[in-house]
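Asks: Take a look at this one; I'll ask things after.
Please treat every number below as a calculation from the coordinates, not as lab data. These numbers come from a predicted model, not from an experiment. Don't worry about glycine lacking a Cβ; one is built from the backbone with ideal geometry, like all the others, and counts go over all protein chains shown.
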Amino acid sequence: MTPVRRESLMLPAMSQAATRSAPRSPKPRRPRDATRAASRSAILAAARKVAARDGARDLSLRGVAAEAGFAPAALYGYFRNKDELLLALAADDLTVLARAMRDAGPGGLAVAGAAALGLLKGAETMAAASAALAGTPGEDAGAAGKLADAERLFNGRLINALKALSDASGMPTGSRESQCDVVLVAAALAGLALLARSGRLGALGFTPEEMIARLDSRFGKG
């Protein structure tokens, strides 16, 4: 039997990102919304400190609450569980990653890949958040729905980062096959970051620079 191919989310999303008109001026925030946004930012900043100190995989809402100066119960108004918090951190990392690749300057995949790898090596939250994408067995419908919202945010940021990678490297995204190439390069960079962070890449006798050069020779268009 011929396997059924699922439609890629990247093609319409990337096309919309490329043709999107100038953003409208945001509506003024109400004081309550601004306060909530500031509190959420403070929680995320505290979570990042805890993750850097204790490791993202060992992060706990209680530890984040203590770091942020919140009562533990107060955090549940912003993040219902650790998975949601990790996905929010990873989504922010993806935004930083996309910006770094866009700001890397000319040089195609070699330069964009080096910028991405430099950030990915220190972004343990990306690896820790991957477990959250599978959801938590036995969770109620409300928790599942809230997690789905966090996952949609993560997916949107991921598509934006993939678009930044394709733009910076000159890789096309007009077909499913070309999108596969972009995802392959992104997966390779993520895997290289994991190997480099653990010291395994050096133990195997390779350097990040030569691996990125190899990716550039195979996929780079810039």
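Asks: Quick one: in segment 32-79, what % of C-alpha pairs are over 14 Å apart?
Replies: Numbers: 499 of 1128 pairs.
Summing the P(r) of segment 32-79 above 14 Å gives 44 percent of all pairs.
Asks: Take peptides 100-113, 189-202 and line them up by average Cβ neighbours within 10 Å, highest first, as a rough protection proxy.
Replies: Ranking, from highest mean packing down: 100-113, 189-202.
Asks: Provide Rg over Rh for segment 76-138; use the alpha carbon set for both Rg and the Kirkwood Rh (inverse mean inverse pair distance). Mind dumping the intermediate values first?
Replies: Working: Rg = 14.5 Å, Rh = 12.9 Å.
When Rh is taken as the Kirkwood radius, the ratio is 1.12.
Asks: Right, another one. Which of the peptides 208-214, 66-72, 167-173 is most tightly packed, and how do the rest follow, judged by the mean count of other Cβ atoms within 10 Å per residue? Walk me through the numbers before you get to the answer.
Replies: Values: 208-214: 16.0, 66-72: 14.4, 167-173: 19.6.
Sorting 208-214, 66-72, 167-173 by mean packing, highest first, produces 167-173, 208-214, 66-72.
Asks: Additional query: Report the net charge of residues surrounding residue 106, where surrounding means a beta-carbon distance below 15 angstrom and charges are Lys +1, Arg +1, Asp -1, Glu -1.
Replies: Computed value for this residue: -1.
Asks: Label segment 143-204 by shape, choosing from rounded, prolate and oblate, from the square roots a ≥ b ≥ c of the eigenvalues of the Cα gyration tensor; if a/c is under 1.5 it is rounded, and otherwise prolate applies when a/b is larger than b/c, oblate when it is not.
Replies: Verdict is oblate for segment 143-204.
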